[in-house]
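Read through the structure below, which is laid out as structure tokens, and then see the notes.
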Amino acid sequence: MSVKAKVGQPAPDFVLPSTKNVEKLDQPVKLSDYKGKWVVLLFYPLDFTFVCPTELTAFSDRYDEFEGIGAEVIGISTDSVYSHRAWLNLDRDKGGVAGLKYALGSDINKTMAEDYGVLIDGKGIALRGLFVVDPEGILRYSVVHDLNIGRSTEETLRVIQALQTGGLCQAEWRPGQATLKV
């Protein structure tokens, strides 16, 4: 596997089939379309699983906060857009993600998962990778979890806000606190 995504370097661009238009499934999602915004790339293993809907709906439930700090969220798995659409049409109380406020991208050829270093060899699915790309397209943050551990919307929002200060943020820094002076 040749990982192309490196913090501090331009994030690998991509063009993926997506659920931007959930009825027609005819609008791809591209990193280049988000120039000028912060982007959260949220890789997850599979639709119709157990931890995944808790994460995706948690990010959706706080989507207005992401928008409020100039950030967009894109969910990505190696499932097809048809699987994504079926999952989006399933109510949350039945394990679905109905009402999701952001697009899901289909990395069915697994190129993006490989570029970002989250593809599980021999399984064809992604680990739980979370990547933050700045408005200029530079990868600024990367965290990868094992399959059974969900990610924190709170920490993701905090990290983006810390990055937006342009300063040095100490451990446990919170929005509104001063940055370190050197």
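Taking a straight Cα-Cα cut-off under 19 Å and skipping sequence neighbours fewer than 8 places away in the same chain, the aspartates and glutamates within cross-link reach of LYS110 are ASP13, ASP47, ASP79, ASP121, ASP146.
Note on region 15-165: with charges restricted to the Cβ of Lys and Arg (+1) and Asp and Glu (-1), its dipole about the Cα centre is near 120 debye.
From its DSSP helices (H runs of at least four residues, each -39,500 (n - 2.57)), the chain gives a residue-normalised ellipticity at 222 nm of -6500 deg cm²/dmol.
Here the simple spin-label model places points 7 Å from the Cα toward Cβ, and for THR49 and GLU154 these points are separated by 2.4 nm.
Projecting the Cα atoms of VAL15, GLY166, LEU25 onto the charge dipole of the chain, computed from C-beta unit charges around the Cα centre, puts GLY166 farthest toward the positive end. Of all beta bridges that DSSP places with both ends in region 15-165, some 60 percent have antiparallel geometry.
Separation of region 1-46 and region 113-182, taken as the distance between their Cα centroids, equals 15 angstrom. Computed from Cα atoms, the angle from the helix 51-61 axis to the main principal axis of the chain rounds to 60 degrees.
Compared with the dominant Cα axis of the chain, that is its longest principal axis, helix 153-165 is turned about 40°. Taking 0.36 nm per residue of separation and subtracting the current Cα-Cα distance, fully stretching the chain between GLN164 and VAL144 would add 5.0 nm.
Bear in mind these aren't lab numbers, they're just calculated from the coordinates by the rules spelled out. All values derive from a computational prediction rather than experimental measurement. Because the Cβ atoms are built from the backbone with ideal geometry, glycine has one as well, and the counts that use them run over all protein chains shown.
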